[in-house]
Amino acid sequence: MAVVSPLPLLLLIVAFVAAALATRRKRPLPPGPKGVPLLGNIYDVPKSREWLAYQNWSREYDSDIIYLNLAGTPVVVVNSIDAAYELFERRSSLYSDRYLHSLCVRDLDGLQSRVGCDWHFVFMGYGDRWRERRRVFHQHFHPAAALQHRPRALKGARVLLNRLLDTPDDFMGHLRHMAGSLIIGVAYGLEVQPKDDPFVATAERALHAIAMAGNAGSFLVDSIPILRYVPTWFPGAEFRRKAIEWKKSTTAMVEVPFKAVKRAIADGMATPSMIASLLSTLDESDDSTDLEKLYSGVAAAAYTGGSDTTVSALGSFFLAMILYPDIQRKAQAELDRVIGNDRLPEFSDQRSLPYISAVVQEVLRWRPVTPLAVPHRLTSEDEFHGYRLPAGAIVVGNGWAMLHDEKRFPSPEEFIPERFLTPDGQLNDKMKDAELPAFGFGRRICPGRYLACASLWISVASVLSTMEIHKPLDDRGTPIEPSEEYTTGLVTYPLPFKCGFKSRSKAVEDLIRAAAFQLD
C-alpha cells in the first residue's frame, strides 16, 4: 500500500496561511487625515468639541469609520449607528475593553498622581473585576429595581418646582441639587441640605475632574505615556498638577458619603439605601476591607452616572424650550388635555403623554450628554468594510455624529420631537435605536439609564405642566438670547444662560406649594 507524503498538504497549508497574512497586510487602515511623522494626528485633533472634527472627517472621507494616529496610538472613530451596532453590539466580545492609559486611571509615577478613577467600573478593563462591580450595580438599578426609586425621583421633581418658584435665576443650581439629592438618597440614604450641601459639593468637584480627563486624548500624556515621568515643576506638566488636585476630589467622593452611612448604621440612624443593603450582608467576623472598597466605588459610580445625565439633559431641555416656544406650547397642550389643572403629573401618566416622552428623547438626541462616550479598546485585530482595525486601538463611539446624521434625523440641528412619533402621534418603536448612542454601546452601555430617564421624564413633565419657560428681558425690554454654546469634555453642559420661569396660573402655584408642604 502506497504511503501518501504529508509534504504537499503541509505546503498547501503554509501557502494558505501566507496568502491570508499577505491579504491582511494589504488591507488598508480606515481613511483619515494624513498627520505628521512620529506625532501623527496629534495636532489635527482639536482641544475641544472633538466630535465635530470627527464628524467632518467622516463626511470628507465618506466613511462610517475614520482612523487617527496619536503619536503611535491607533484610534478608530465610529460615526454611524449602523457601524456602532455592528462593532459594539454584534462583535461586543472584541470591543468591550477599555483604554487604561488615560489620565483618569493611569498611575503617572508610582505615587498615584492621577485623577484616581480606578474605582469606577465604567473605566475598568473588561474582565472579572468589572463584571463583579457591574453585577452589584445592576442589582439595584435594573428596570424593576429602578421602579422602586421612582418616589424619590417624583419628590425631587416637586422640590425642583418649588425652588424654581422661589429663586428661578439659580435654575442650574437647582438641577444639581435635585440630581444630587436623588442619587445620594438612593445610593446612601442621606438627605441633602437645601443649600450648599457638602456631599453635593464634593461630588461636583469630582464630576468636573472626570469630565475633563475622561475623553481619549484629553491630555498629551494619554497619547505619549512617557510624559508621565515629567516632574510636576516642569513646563508643560500642567496635567500632573491637575491630576494631583483632581484626585483629592475623586477620593473624597468615594470615601466621604460612604463613611457617613457607616456612622449612621453604627448609630442606628441609617435609612434604606444601596450601601446599607450591601453592608448588611457582610459578616462582622470577616475582614471586609476589599468588599467595602468595592461597594463604595460602585456607589460613587452611581452618582457620576445619574447626576451627569440629569443635569446636562435638563439644562439642554430648558435651553430648547426658550429657543422653541412652539414646542413648549404643544407639550403643554398635551399635558393640559391629560392632566388638567387640578393636579401634578405622576409616573402613571407616562403612557398617556407620548409627546412629553418624545421631547425627552429629542433632548438626548439634540444635545447628547456624552458626545463621545467612554472610549473602548479593541482586543484583537478586526476587519470592517474592507478596512483593517488594529489590535489595541482606542475605539471611540461618536454619539454626536450618530445623533446628527442627516439621513436618519433630517434637519439634525433643529429640535423636532415629532421625529420620534408616528403620524397618529404615538411613540415610534422604529426610532428605538436612537437611544443607543445616548447611553453608550454594547456591554458597556450605561446600566443606570433607567433611573436617569425616569428622573428626566418626570422633571420635564412637571416643569412643563406648571411653568412658562421664556427668554428674560434686559433693561431695554429686549429678550436676552442664549449663546447656545456648551462646555467640552466627557460630559457637556450648556454654558451659563439666562432663563425665565413663571407659574402658569395661581392655581398651579398653589399646587406646587401644597406638594412641597406634603413632602415636609
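Here the relative contact order of the range 26-519, from alpha carbon pairs under 8 Å that lie six or more residues apart, stands at 23 percent. Between rounded, prolate and oblate, where does the range 26-519 land on the alpha carbon gyration tensor, with a ≥ b ≥ c its root eigenvalues, rounded for a/c under 1.5, else prolate if a/b exceeds b/c? It is oblate, given that a/c is not under 1.5 and a/b is not larger than b/c. Among Trp457, Ala438, Met467, whose Cα lies farthest out toward the positive end of the dipole of the range 418-488, if unit charges sit on the beta carbon of Lys, Arg (+1) and Asp, Glu (-1)? Value: Ala438. Per-residue packing, averaged as other Cβ atoms within 10 Å, sorts the ranges 393-405, 284-296, 372-384 into the order 393-405, 372-384, 284-296, beginning with the highest.
For Lys498, a cut-off of 18 angstrom between C-alpha atoms picks up these lysines, skipping any fewer than 8 places away in its own chain: Lys471. Using the Cβ-Cβ distance between Asp424 and Asp286 with R0 = 45 Å, the FRET efficiency computed as 1/(1 + (r/R0)^6) comes to roughly 0.15.
Throughout, read-outs are computed from the coordinates displayed, never taken from laboratory work. Predicted, not measured: the structure shown is a model, and the values here were computed from it. Positions of Cβ are backbone-derived with ideal geometry, glycine not excepted, and every protein chain shown enters the neighbour counts.
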